[in-house]
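Report on the structure given below.
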Amino acid sequence: MTMPLTSTDKDKMDSQKGFLLFNRRPVISESVFELLDEAEAITGINKGEIRMRLTGQGIGAFNINRPYNELETCASDLQSIGINAVVVSRQLIRNSRLPTTAKHLWYDSSSLRFYDTADNVIFEITPDTDLLVIVTDLSGKSVKQMLTAMAYTGNAIEKKFEDILKKISLSKPAVIF
């Protein structure tokens, strides 16, 4: 059972801002080129910028300065033309708690253990552990270099995983398990 929204709740939703997240595409097909005019009308963003942001891998974001409910309408309209989009609240992102930072680790033949500054085990990897590892560059240097290269060439950068990992390790690396 859902409770009806009060006028205060509606005011909060109207003043709340968010990000419009969408699935990027490795290659922009001819059918997507035809959608760019509609996407420009929906978002108010230049179709050249939309094309650049749609190209690539993973998830992209539009930072459109509109109330949350308008962004939801925008996401719905983008979905109707074939661009998977969703709205995420800025508050949700700001209030997200970062994982504990590991300060040192210990490994042997049976496990790998990560410790915090008080020598508490944060995380342990054993042969039975299922893992999803996210490696990123907190400084943003690697991403900026790739985006600059894309802007000059107009093409998505297709680098090998090893090359990307090497570039990240030279910047300000972080790993989330």
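The values are calculated or read from the model by the stated rules, or taken from the named source; none is laboratory data. The structure presented is a predicted model; accordingly, all values stated were derived computationally and were not measured. Here Cβ is always computed from backbone atoms with ideal geometry, including for glycine, and neighbour counts include all displayed protein chains.
Observations, loosely collected:
- Within segment 44-58, the set of residues being over 17 Å from the mean Cα position of the chain (by Cα) and among the polar types (S, T, N, Q) comprises Asn46 only.
- When we screen Ile28, Ile45 for residues that are surrounded by 15 or more Cβ atoms within 10 Å (Cβ to Cβ), within 30 Å of Thr136 (Cα to Cα), modelled with pLDDT under 80 and of a type in the set (A, V, I, L, M), the only hit is Ile28.
- Residue satisfying all of: in segment 121-137; of a type in the set (D, E, K, R) and closer than 27 Å to Asp163 by Cα; surrounded by the most Cβ atoms within 10 Å (Cβ to Cβ) among these: Asp137
- Odd one out for Thr117 among (1) in contact with a Lys or Arg (Cβ under 7 Å, 6 or more places away or on another chain); (2) over 30 Å from Glu162 (Cβ atoms); (3) surrounded by fewer than 10 Cβ atoms within 10 Å (Cβ to Cβ); (4) not hydrophobic (A, V, I, L, M, F, W, C): (3)
- Residue check, Thr100 modelled with pLDDT of 90 or more and either loosely packed, with under 15 Cβ neighbours inside 10 Å or touching a His at 6+ places or on another chain (Cβ under 9 Å) (or both): no
- Within the option set Leu20, Leu36, Leu78, being surrounded by 12 or more Cβ atoms within 10 Å (Cβ to Cβ), assigned to a strand (DSSP E or B) and modelled with pLDDT of 85 or more holds for one residue only, Leu20.
- Applying a threshold of 7 Å to beta carbon distances and a minimum spacing of six or more residues, or different chains, the list of pairs starting in segment 29-46 at a residue that is not assigned by TED's automatic domain parsing to the domain that holds Leu71 and ending at one that is modelled with pLDDT under 85 and not acidic (Asp, Glu) is empty.
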